[in-house]
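Asker: The structure is given below, and queries will be raised subsequently.
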Amino acid sequence: MGRARLLPPLLLAVPFVCGVIVTHGLTHTLPTFHGTDEAAYHLPTIRLFADALPGLHLGSYPAAQTPLFHLVMAVPAWIFGLHVALLRALNVLIAYAAALVLYRLLRRRLGLAPWAAFAVTGLWELSPYVFGPSFLLLTDALAWLLALLALDRLLALRGLADLAVACGWIALTLLTRQSYVWLLPLAALAAARALPRDRWAPTLGLIVAAAVPLGVLVAAWGSLVPPGSDPASCGLCEPGRGPGETGGLSLRPALFTIALAGVYGAGLFGPALLAARERLRLRPALIGLAVAAVLLLAFPLAAQPHDAGYLWQVSRHLPEVLGSSLIFWGLVPLGGAVVGLRWARPGRAGVLAVAVLALFLLSTVATRLVYQKYFDPFALLGLALTLRAGELERPWEDAGVAALAAASVAYALSF
């Protein structure tokens, strides 16, 4: 029995081991999405921080993200020298740890069966915008790990001690990537549901404290990004620099995320619906579909010069109807139906699952660059949090998950 429990976590390590082998012990650079950011921004920042240790050099550096990832990588670089393969290996371990935390969350917090949790975690791990960045010095993996640790604690929130731990993880997440600021209102909602009103003073104090480190950096920089960084690589700053950029607030990123929910929702829930094991709740599905279609009509999705990702690439090869690529006329209403269906009856996570999706979608409206890597992992994660005990337990229910995972592997091999 103990061995059976260990098997899914061990199997989750296999794709990472294969990646290490394919890249010759991480000495070869994986040509994945935005992989050039490693040499352009992150390695120079790590080198700058390593040279400054044991002091700190946080006032100006090339990367546009907050500095925790680079500080973490600077410590072994300071001790052993700047060996890129060694630092990449550390990042692979961080990505694997994130997968283990997600697996644990699905098992303990949502009550999924071991192999159902393994299937969903494996799909997330193999998805192109999670797997590829795991083998390069990019900030994504550490941010996923810290955010998942925060989510896990918020789902288990019982008292101020749990909230303090969650806020600690949130503070570290924000010190890794600024865009995770949506975790702060999520913590407030979780506390409002789990804690008595007479504890609101310390509750608010903990949530504000989680934002303080980021606030100090932003005040020192006078911006959301450090001086010396390249605004062209920043999804949250200096809007409207060039053609195709969002420029201010826009629903394009949110609609694009809903389209991704259509892709993942079809894989996660389609087989069960097709087999009529789960009765379709028609009303919320139709409401979600109609709202998404109306929004797409008002805010068309057609690929612009700066848009990047496989879904954008596919859309460029299809005709446009009423300003949107044909693929989005299929996926956005489908995603709206999926979101409506899952929101109407979420799993054990309940309101928090709904809030993760809602708050993340709300946060995307300020994103200037509609890069798929910014949204793809969260579309899948948000839907995964709505899973209920008993789902994905039959082999045919996992057929869609297996198909999506196989497509991700084929896509990775194409690189």
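Asker: If you take the residues of the range 289-320 that are of a type in the set (S, T, N, Q) and outside any loop (DSSP other than H, G, I, E, B), which of them is surrounded by the fewest Cβ atoms within 10 Å (Cβ to Cβ)?
Answerer: 313
Asker: Can you tell me which residue within the range 15-26, out of those that are β-branched (Val, Ile, Thr) and under 12 Å from residue 93 (Cα atoms), is surrounded by the fewest Cβ atoms within 10 Å (Cβ to Cβ)?
Answerer: The selected residue is 17.
Asker: Something else about it: Can you find, within the range 31-42, the residue that is farthest from residue 122 (Cα to Cα) among those that are in contact with a Leu (Cβ under 6 Å, 6 or more places away or on another chain) and not charged (D, E, K, R)?
Answerer: 42
Asker: If you don't mind, another one. Given the conditions (1) in a helix (DSSP H, G or I); (2) surrounded by 18 or more Cβ atoms within 10 Å (Cβ to Cβ), and given that residue 369 satisfies all but one, which numbered condition is not satisfied?
Answerer: For residue 369, the failing item is (1).
Asker: Moving to a separate point now. With respect to residue 218, is the statement that it is surrounded by fewer than 18 Cβ atoms within 10 Å (Cβ to Cβ), of a type outside the set (Lys, Arg) and either assigned to a helix (DSSP H, G or I) or touching a Pro at 6+ places or on another chain (Cβ under 8 Å) (or both) true? Reasoning before the result, please.
Answerer: Values: surrounded by fewer than 18 Cβ atoms within 10 Å (Cβ to Cβ): yes; of a type outside the set (Lys, Arg): yes; either assigned to a helix (DSSP H, G or I) or touching a Pro at 6+ places or on another chain (Cβ under 8 Å) (or both): yes.
Considered against the rule, which asks whether it is surrounded by fewer than 18 Cβ atoms within 10 Å (Cβ to Cβ), of a type outside the set (Lys, Arg) and either assigned to a helix (DSSP H, G or I) or touching a Pro at 6+ places or on another chain (Cβ under 8 Å) (or both), residue 218 comes out as yes.
Asker: Any idea which of 239, 185, 231, 253 is surrounded by fewer than 19 Cβ atoms within 10 Å (Cβ to Cβ) and either at pLDDT 90 or above or among the hydroxyl-bearing types (Ser, Thr, Tyr) (or both)?
Answerer: Of 239, 185, 231, 253, the one residue that is surrounded by fewer than 19 Cβ atoms within 10 Å (Cβ to Cβ) and either at pLDDT 90 or above or among the hydroxyl-bearing types (Ser, Thr, Tyr) (or both) is 185.
Asker: Within 27 Å of residue 312 (Cα to Cα), free of Cβ contacts under 8 Å to residues at least 12 places away in the same chain, of a type outside the set (Phe, Trp, Tyr) and not in a loop (DSSP other than H, G, I, E, B): is that true of residue 358 in this structure?
Answerer: yes
Asker: Same structure, new question: Here's a check for you: in the range 321-366, which residue that is over 20 Å from residue 182 (Cβ atoms) and of a type in the set (D, E, K, R) is surrounded by the fewest Cβ atoms within 10 Å (Cβ to Cβ)?
Answerer: Selected residue: 345.
Asker: For the subset of the range 1-20 comprising residues that are over 18 Å from residue 122 (Cβ atoms) and part of a helix (DSSP H, G or I), which member is modelled with the highest pLDDT? Lay out the reasoning, then the answer.
Answerer: Quick first cut of the range 1-20, residues over 18 Å from residue 122 (Cβ atoms) only: 1-3.
From what is left, the residues that are part of a helix (DSSP H, G or I) are 2-3.
Values: 2: 61, 3: 66.
So, considering only residues that are over 18 Å from residue 122 (Cβ atoms) and part of a helix (DSSP H, G or I), the one modelled with the highest pLDDT is 3.
Asker: If you don't mind, there's one more thing I want to ask. Check 43, 93, 71 and return the single one that is under 18 Å from residue 227 (Cα atoms), out of contact with any Pro (no Cβ under 6 Å at 6 or more places or on another chain) and without any contact (Cβ under 8 Å) to a residue 24 or more places away in the chain. Show your work before the answer.
Answerer: Values: 43 fails: without any contact (Cβ under 8 Å) to a residue 24 or more places away in the chain; 93 fails: under 18 Å from residue 227 (Cα atoms).
Result of the check over 43, 93, 71: 71.
Asker: Follow-up. Looking at (1) surrounded by fewer than 22 Cβ atoms within 10 Å (Cβ to Cβ); (2) touching a Phe, Trp or Tyr at 6+ places or on another chain (Cβ under 7 Å), which is the only condition residue 114 fails?
Answerer: Failed condition: (2).
The values are calculated or read from the model by the stated rules, or taken from the named source; none is laboratory data. Keep in mind that what you see is a predicted model, and the values were worked out from it rather than measured. Cβ sites come from the backbone with ideal geometry, for glycine too, and all protein chains shown count toward neighbours.
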